[in-house]
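Engineer: Got a structure for you, written out below as structure tokens; questions coming shortly.
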Amino acid sequence: MKSISLLCGSLLLFATILVACTSNSPMGSSEKQQIVEHVKTVEESEFDLIYFNKSYRQYHKAIDEIVSEEYWASIRSEIIFGYDSRAYTRDDLVNMPQEEYDKHKEHMLNLIHGIGMEKLSATVRISDVYEGEQSNQVNIYTIENKELKDQPFSATTKKYTLEKRNEKWIITKVEQDKFNYGNEQTAEEMEEGIKGLNYQIHDGKVIGYPTVIVLSGVGKV
């Protein structure tokens, strides 16, 4: 009986060690790539929503399975577009009838084309996967540079937090910092403005961005 108890204890200890080793095992390249693809999908979909390449329903469908309820709640009041002293948030777009949305889209595209904004493009650089604050969390960083007619328009840095829930990685939070270029600014002031943006350092080290995507086109669909 004593031998059986010792054997059971040994098996339990082995199982505990095995689970611990498995939970702390390095993330594979395919899993990291999946996480990068999630961020890439969100970046592309955000551009398409803001510049009228996707309706809100299309946008929601594209990212709904890779973001959390907390993420949706944190961005619901963000303004997507506005004119005539009226701003329209994501919440406003959720249940907006298609006919009403089409009218807003037509009006906004006329404004965009009137000032030449249809030539705006964005280059988004996406970082590798970094360890998060908790064992089930990771971070990915992005820096987006927008240009209009080959001139710098804005720079935006972001920090995405993802969590593993039910064996799936989902985006739970995004923080950002932004710098808008101005015609009156010198090259030195522009450089300092970009350097001053948050979310370019992780654990004291400068972030690298191996993945690059270019987004362009306004009102394509």
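Engineer: What ³J(HN,Hα) values, in whole Hz, does the Karplus curve 6.51 cos²θ - 1.76 cosθ + 1.60 give for the range 30-47 when θ = phi - 60°, with x put for Gly and Pro?
Structural biologist: 5, 5, 4, 5, 4, 5, 4, 5, 4, 5, 4, 4, 5, 4, 5, 5, 4, 4
Engineer: In Å², what does the accessible area per residue of the chain work out to with a 1.4 Å probe?
Structural biologist: Value for the chain: 61 Å² per residue.
Engineer: In straight Cα distance, which aspartates and glutamates are under 12 Å from Lys195, not counting same-chain residues fewer than 8 positions off?
Structural biologist: Hits, sequence-local ones excluded: Asp177.
Engineer: I've got another one for you. Cα to Cα, under 18 Å, and not fewer than 8 places away if on the same chain: which aspartates and glutamates meet these conditions relative to Lys149?
Structural biologist: Glu118, Glu184
Engineer: Report the antiparallel proportion of the DSSP beta bridges in the range 51-175 as a percent, rounded to a multiple of 5.
Structural biologist: The antiparallel fraction comes to roughly 95 percent.
Engineer: Based on the alpha-carbon gyration tensor of the range 73-202 and its eigenvalue square roots a ≥ b ≥ c, which shape applies: rounded if a/c is under 1.5, prolate if not and a/b is larger than b/c, or oblate?
Structural biologist: oblate
Engineer: Counting C-alpha atoms alone, how compact is the range 165-221: give Rg to one decimal and Dmax as a whole number, in angstrom.
Structural biologist: Computed over the Cα atoms of the range 165-221, radius of gyration and Dmax are 16.6, 51 Å.
Engineer: Among Met27, Val124, Gln151, whose Cα sits farthest toward the positive end of the charge dipole of the chain (+1 at Cβ of Lys/Arg, -1 at Cβ of Asp/Glu, about the Cα centre)?
Structural biologist: Met27
Engineer: Between Gln151 and Asp64, what length in nm is gained on full extension when 0.36 nm per residue of separation is reduced by their alpha carbon distance?
Structural biologist: Contour length minus the Cα-Cα distance gives 27.9 nm.
Engineer: Ignoring ligands and nucleic acids, what accessible area does His107 show with a 1.4 Å probe (Å², nearest 10)?
Structural biologist: So the heavy atoms of His107 present about 70 Å² to solvent.
Engineer: At most 16 other Cβ atoms within 10 Å and a DSSP loop assignment: could you name the trypsin sites (Lys or Arg not before Pro) in the range 34-97 that fit?
Structural biologist: Those that pass, being in a loop and sparsely packed, are Arg76.
Engineer: Normalised by the residues of the chain, what does the relative contact order come to in percent, with Cα pairs under 8 Å and at least six apart?
Structural biologist: 21
Engineer: Now for a different question. In a Gaussian network model over the chain where Cα atoms closer than 10 Å are linked, find which of Glu46, Glu163, Glu99 has the largest mean-square fluctuation.
Structural biologist: Highest fluctuation of the listed residues: Glu99.
Engineer: Along Cα→Cβ, 7 Å out, is where each label goes; now give me the distance between the ones at Lys32 and Ile213 in nm to one decimal.
Structural biologist: Label-label distance for Lys32 and Ile213, simple model: 1.9 nm.
Engineer: Please go through the residue pairs Lys119/Lys159; Lys119/Lys158; Lys119/Lys205; Lys32/Lys103; Lys54/Lys173; Lys61/Lys205 and name each one whose alpha carbons sit more than 32 Å apart in this structure.
Structural biologist: With Cα atoms farther than 32 Å apart: Lys119/Lys205; Lys32/Lys103; Lys61/Lys205.
Engineer: Here is a follow-up. Please state, to two decimals, what the Cα-based radius of gyration of the range 29-71 comes to when divided by 2.2 N^0.38 Å (N = residues).
Structural biologist: Ratio of Rg to 2.2 N^0.38 Å for the range 29-71: 1.21.
Engineer: Next question, about the same structure. Looking at the range 50-111 from every direction and averaging, what is the projected area of its Cα convex hull in nm²?
Structural biologist: Mean shadow area of the hull around the Cα atoms is 4.3 nm².
Engineer: I'd like the distance between the alpha-carbon centres of the range 27-45 and the range 162-221, rounded to an integer number of Å.
Structural biologist: A separation of 15 Å, based on Cα centres.
The values are calculated or read from the model by the stated rules, or taken from the named source; none is laboratory data. Given the structure is predicted, the values throughout are model-derived calculations rather than measurements. Methodologically, a virtual Cβ is constructed for each residue, glycine included, from the backbone with ideal geometry; neighbour enumeration extends over all protein chains shown. For the accessible areas, the whole protein counts, side chains as well, though only heavy atoms, and no ligand, DNA or RNA atoms are used. Shrake-Rupley method; radii C 1.70, N 1.55, O 1.52, S 1.80 Å.
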